[in-house]
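First the structure, in the form of structure tokens, and then the observations on it.
Just so you know, all these numbers are worked out from the coordinates, no wet-lab data involved. All values reported here derive from a predicted model rather than from experimental measurement. When we count neighbours, we look across all protein chains shown, and the Cβ atoms used for this are built from the backbone with ideal geometry, even at glycine.
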Amino acid sequence: MRIIIVGAGAVGSYLAERLSSEGQDVVVLEDDERRAAQLQESIDALVIHGNGASAQALEEAGASKADLLIAVSDSDGANVLACFTATELGTRTTIARIEDSEIREGADRLGVDVVIDPSATAAEELVDIVGLGGASELIQFADGKLVMVGGIVAPNAAITAGPLRQLRVRQAEWGWVVAALVRDGRTIVAHGDTLVKAGDHALLMTTDDRVDDATRLLGLRRRSLDRAIIMGGTRLAELAADQMADAGLSVVIVDEDMDRCSVLASRHSQALVICGDPTDPDVLGDLDLGPKDVAVGLTGWDEVNLLGCLVAKASGAGMVIARFNRISYVGLLSGVGIDAAVSSRLMAASAILRFVRAGQVEMVATFSDTDAEAIEVEVEAKSKACNKSLLDLELPVGVIIGGISRNGTTFVPDGSTVIRPGDHVIFFSLPRDIEESVGLFMA
């Protein structure tokens, strides 16, 4: 697939690296010469220094033969113009990151096929994580009826009592399946003989009415949270502040820029805005943090978010969540007291990858510490998987089916479950097996 990416910022560079590593034909357009040169040194793809909204640059990038254009620059207007121009040149599908709601309206008439807003999606995930008060991931599939729950397995958790096969027999009264474990930086696709260990990052699929059971199985302690301390004045911080206030939490915003604090106070009357350094123990100490407080680091700097969260944790906060851009930081988070993390990069990747995968792919989810994916796909009537049981399907070793949605009913399957036409199947796959797995459900 020929893919053009406009903008080599945090999102664009991550997508370029991920897609080029899969063997996709990727071209990146970046108008900052230094940034373009840096990216060219780090990825196996063509990086062109140029304005991604100009016809000349898009022609040079091969827009007339491109299957997909992804416009994720910092400018909403430039992203829309890039999509418009690419469509005029013959690009099949265009995706634009648009944060301004006024620009978003009518974008479809200007050549934008799909609009994404990673910050808004990240804010929604933050509220879900805070609402549960224990898990590090809550990813919804099948219109929210199937949920993938992620978390660090606690010592003596029920899930560590023996092989997964035996555990499921003992707890057969409700449906769940462990999709994967991340252990010491290595992804393990779970099977019946898999033993879960304390400290593993477990990804477990269950139905929406059994999420509390899933967290207990992992040994996660649910926290009752009343107040959110939001560090930073970014757009994501503002969106999260509004949504957490709507969810019933008291909200405090901490930012050290006086002018920015004035703007925040005028926009968010429901929140207490404090002008101060969010990494300063004295500033956070004055808030008298306790177990019912969640601190969320949402500045534009990973280091500030991590340090602010660690200071908040040491000051007594019951839960801390950090925003990050550098994927390399993620492996360190669970070991230093960070309870959960969010990333606009991963949100963008999840929204976009479904258009890269072949077939009737409804959704793709990516994760912070593994390059594996969870994929929701609709089963076509003449596919290889149709009318076969999971035992007869002969899935690749790196694949596990976690859930099925059928005619409004959702369930976690077992080996005897037969795949039917029109089923929405959610499966977890290592990168090497994604193409083959999606192909099983296609005609």
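Points to keep in mind about this one:
- Shape class for region 1-125, computed from the alpha carbon gyration tensor (a ≥ b ≥ c): oblate, with a/c not under 1.5 and a/b at or below b/c.
- Dipole of region 348-440 [Lys/Arg +1, Asp/Glu -1 at C-beta], most positive-end residue of SER383, GLY402, ALA372: SER383
- For region 1-139, size of Cβ-based charge dipole, Lys and Arg +1, Asp and Glu -1, in debye: 320
- Length-normalised contact order for the chain - Cα pairs under 8 Å, 6+ apart - percent: 11
- Bridging of LYS388 to aspartates and glutamates at a Cα separation below 17 Å is possible for GLU378, GLU380, ASP414, ASP423, GLU436, once same-chain residues fewer than 8 apart are set aside.
- Farthest positive-ward along region 227-317 dipole, Cα basis, beta-carbon charges - from VAL263, GLY248, ALA228: GLY248
- The chain - charge dipole about Cα centre, Lys and Arg +1 at Cβ, Asp and Glu -1, debye rounded to 20: 1560
- Structure-derived Kirkwood radius over Cα pairs in Å - corresponding label in (i) 28.2; (ii) 24.4; (iii) 22.9: (iii)
- For the residue pairs LYS145/LYS313; LYS145/LYS384; LYS197/LYS382; LYS197/LYS384, the C-alpha atoms sit more than 31 angstrom apart in LYS145/LYS313; LYS197/LYS382; LYS197/LYS384.
- Paramagnetic reach from LEU195 (point 7 Å along Cα→Cβ, amide N under 13 Å) across region 140-164: 160-164
- Trypsin sites (Lys or Arg not before Pro) restricted to DSSP loop in region 361-408 with at most 11 other C-beta within 10 Å: LYS382
- Estimated distance in nm for a label pair at ARG92 and SER64, the labels positioned 7 Å out from Cα along Cα-to-Cβ: 1.8
- Annotation note: GluC sites (Glu not before Pro) in region 353-443 located in DSSP loop regions with a Cβ neighbour count of at most 12 within 10 Å are GLU394.
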